[in-house]
Amino acid sequence: METQAGQRGHGGAGLGLGLLSAAAFGTSGTFAAALIGIGWSPGAAVLARIALAALILTVPAVLRLRGQWALLRRSAGRVAAYGLLAVAGAQWCYFNAVARIPVGVAVLLEFLGVVLVVGWLWLRHGQRPRRLTIAGGTVAIAGLAMVVNLAGSAGLDPAGVIWALLGAVGLAAFFVLSAVGEEEPLPPLVMTWAGMCVGAAALAVMAGTGLLPLAASLGDVHVLGHQVSWIVPVLGLSLVATVIAYITGIGAIRRLGARLASFVGLAEVLFAVGFAWLLLGQLPTPVQFLGGGFILAGVAMVRFGELRVHQPASGAAQPRPGQPGLAHSQAAGR
């Protein structure tokens, strides 16, 4: 049986991975904006991001799967849904949203996916959120609104709002599908690679049929105050904002559970603001700093509420190592 100290260490590792994932995802806006600024279409940026990430991960994933290809076959349905919704769908919808509405507003609307995660686990798995979880989510969403300065977003393009809300569905799918659903789940590296392959193939088919407009430029881009080759932001999108972000994100979700990991993922907005401050000189306002405090407080409330939910009773069986921090019914795939 796992000791309480072991559980705390397991949760601490998950929290660290979740924050690293949020930081990596937070770089995507800077790299994508650089490409779109020289004439790249959102579809081209997403396809390049996913396809290159799949290529980079091919050799490591194949080596990791040596002798275990049956795992991939058993998880084919989950991988297909993950690649279509959590990879291709989420990224394409988000990039289309930021092309029409302010980035901050698009991020806020996309992170409504966190609310969808709580609702899905309640309706599908009967995991009714505790009052502290609901309160923490409310505080975190309020902080998110402060960080992105929602008050200045009047006159939004309805199409942009729709794209962002569709992105919220993809974000929720990322957290839910990444959670452990089988007794022997795919390793995070393999899950990421397989999802990228599915997502890249789906986008390539859409591009071939004309449903996904592609436009790209091979000129220099303005990144970090310097003129650099277009290859730099493409590599940044693929390596940092995709490979590192997805692998660490899956690892965090399997340690924390979909619900808690989704709230930790709210820190992505803070990291995005921080990168804009450090690299682009966009200093956050006092209200944004206050919003960051609200987000951290909300995550802490959710974390405490989750610990209370799963506090083992005296003599009760302890969770097995590797199970996510959710109810046993979800770990069993009920």
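Structure above, values below:
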quantity	calculated
Residue in segment 216-231 that is of a type in the set (Gly, Ala, Ser), farther than 26 Å from Leu256 by Cβ and under 22 Å from the mean Cα position of the chain (by Cα) present	no
Selected residue [in a helix (DSSP H, G or I) and over 25 Å from Leu71 (Cα atoms)] from Val234, Val243, Val190, Val198	Val234
Condition met for Ala23 (modelled with pLDDT of 90 or more, out of contact with any Lys or Arg (no Cβ under 9 Å at 6 or more places or on another chain), under 16 Å from Ser238 (Cα atoms) and assigned to a helix (DSSP H, G or I))	no
Given (1) at pLDDT below 90; (2) surrounded by 18 or more Cβ atoms within 10 Å (Cβ to Cβ), index of the condition Leu72 fails	(2)
Pairs where the first residue, in segment 98-120, is of a type in the set (Val, Ile, Thr) and the second is surrounded by fewer than 21 Cβ atoms within 10 Å (Cβ to Cβ) and modelled with pLDDT of 80 or more, C-beta under 6 Å, 6+ apart	Ile101/Gly160
Answer from Leu270, Leu296, Leu256 - the residue that is at pLDDT 80 or above and not hydroxyl-bearing (Ser, Thr, Tyr)	Leu256
Qualifying position, being modelled with pLDDT under 80 and closer than 30 Å to Ala80 by Cβ, among Val180, Val147, Val176	Val180
Given (1) closer than 20 Å to Val114 by Cα; (2) at pLDDT below 75; (3) of a type outside the set (Ser, Thr, Tyr), index of the condition Gly281 fails	(1)
Some residue of segment 109-116 being in contact with a Pro (Cβ under 7 Å, 6 or more places away or on another chain), part of a helix (DSSP H, G or I), surrounded by fewer than 24 Cβ atoms within 10 Å (Cβ to Cβ) and among the β-branched types (Val, Ile, Thr)	no
The lone exception for Ala215 - which of (1) modelled with pLDDT of 85 or more; (2) in contact with a strand residue (DSSP E or B) (Cβ under 8 Å, 6 or more places away or on another chain) it fails	(2)
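The values are calculated or read from the model by the stated rules, or taken from the named source; none is laboratory data. This is a predicted model, so every value here is computed, not measured. For neighbour counting, all protein chains shown are included, and Cβ atoms are generated from backbone atoms with ideal geometry for every residue, glycine included.
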